[in-house]
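The values are calculated or read from the model by the stated rules, or taken from the named source; none is laboratory data. Everything numeric here is computed off the predicted structure, so don't read it as measured data. As a convention, Cβ positions derive from the backbone with ideal geometry for all residues, glycine included, and neighbour counts pool all protein chains shown. Please note that ligands, DNA and RNA were not included when accessible areas were found on the heavy atoms of the full protein model with its side chains. Shrake-Rupley method; radii C 1.70, N 1.55, O 1.52, S 1.80 Å.
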Amino acid sequence: MILKFSYLKNSLDTCLKKKYFLFYGNNLGKIESGQSFLVSNFTKNSNCTSVFISSSEIQKNNLSEIISKYDSPDIFGGEFILTILLDEKSLNKELTNIIKKQNLNTLRLILKTERLEKSSGLRKLFESSDNAIIIPCYEETNIEKLNLIKEEFEKEKLSVESSVTEYLANNLSNQRSEILNELEKIKIILKSN
């Protein structure tokens, strides 16, 4: 199932029922933000522990063994959310095979990667699977930037004119992490006045 990033928050109930998530694209800040949103909601809504694994850690261990290790509750009955940062294309095929074969018991699996070609087996699997959500994370649109800017100022209870938010949306980068960094600086200045 393909889900636009902007619908992620409104589709939380659907997301909480799924086992597999794939965030991909060139907007690493958006990928990080989406993954953090899911992890915080899984840990808040159920007894889950989050575990992060990089491709280099997987190379040291067998991926199937790692998944099996976390696919059962801990001694307190808690479940796991396993986030894997994919920077090795060779893992895509192995993950595709594992996801096709293995029916996870309790584990939630979040994959993060940069660009995926349309012909990628992993991408095709996530797009066609009923138990998976794939979320493309490309550059921020102007509307997404406006919403992000408004949200950030509202979090801090800062009142900013709409002309200022529009100016910022038009002039800030299209990468979420860069936008958030610039907004942090602006919020510090606004709070000090």
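Search the stretch 96-120 for residues being basic (Lys, Arg) and farther than 16 Å from ASN131 by Cβ, and hand back the single one that is least open to solvent (accessible area, probe 1.4 Å).
Among those residues, the one meeting the criterion is LYS112.
Among the residues of the stretch 58-80, the one identified as under 16 Å from LEU111 (Cα atoms) and of a type in the set (Asp, Glu) is ASP71. Restricting the stretch 33-62 to residues that are touching an Asp or Glu at 6+ places or on another chain (Cβ under 9 Å) and within 13 Å of LEU85 (Cα to Cα), the residue that is most open to solvent (accessible area, probe 1.4 Å) is GLN59. Could you tell me whether any residue of the stretch 97-106 is farther than 16 Å from CYS137 by Cα and touching a residue at least 60 places away in the same chain (Cβ under 8 Å)? Yes, because at least one residue in the stretch 97-106 is farther than 16 Å from CYS137 by Cα and touching a residue at least 60 places away in the same chain (Cβ under 8 Å).
In the set (1) within 30 Å of TYR70 (Cα to Cα); (2) in contact with a Lys or Arg (Cβ under 6 Å, 6 or more places away or on another chain); (3) basic (Lys, Arg), the condition left unmet by ARG115 is number (2). Reported count of residues in the stretch 114-152, each being among the hydrophobic types (A, V, I, L, M, F, W, C) and under 18 Å from GLY29 (Cα atoms), is 8. Show me the helices (runs of 4 or more DSSP H) entirely contained within the stretch 135-193 in which 2 or more residues are open to solvent by 40 Å² or more (accessible area, probe 1.4 Å) and among the small types (Gly, Ala, Ser). Fully inside the stretch 135-193 and qualifying: 162-171, 176-192. For the stretch 77-88, state whether one or more residues are among the aromatic types (Phe, Trp, Tyr), free of Cβ contacts under 8 Å to residues at least 60 places away in the same chain and open to solvent by 40 Å² or more (accessible area, probe 1.4 Å). Looking through the stretch 77-88, none of the residues is among the aromatic types (Phe, Trp, Tyr), free of Cβ contacts under 8 Å to residues at least 60 places away in the same chain and open to solvent by 40 Å² or more (accessible area, probe 1.4 Å). Where helices (runs of 4 or more DSSP H) fall wholly inside the stretch 1-118, the ranges with 3 or more residues that are within 26 Å of GLU144 (Cα to Cα) are 12-16, 28-45.
Summed over the stretch 14-32, residues that are surrounded by fewer than 17 Cβ atoms within 10 Å (Cβ to Cβ) and farther than 19 Å from GLU127 by Cα total 2. Return the residues of the stretch 121-131 that are surrounded by 19 or more Cβ atoms within 10 Å (Cβ to Cβ) and either more than 16 Å from ILE98 (Cβ to Cβ) or touching a residue at least 40 places away in the same chain (Cβ under 8 Å) (or both); say none if nothing qualifies. Those that are surrounded by 19 or more Cβ atoms within 10 Å (Cβ to Cβ) and either more than 16 Å from ILE98 (Cβ to Cβ) or touching a residue at least 40 places away in the same chain (Cβ under 8 Å) (or both): LEU122, ARG123, PHE126.
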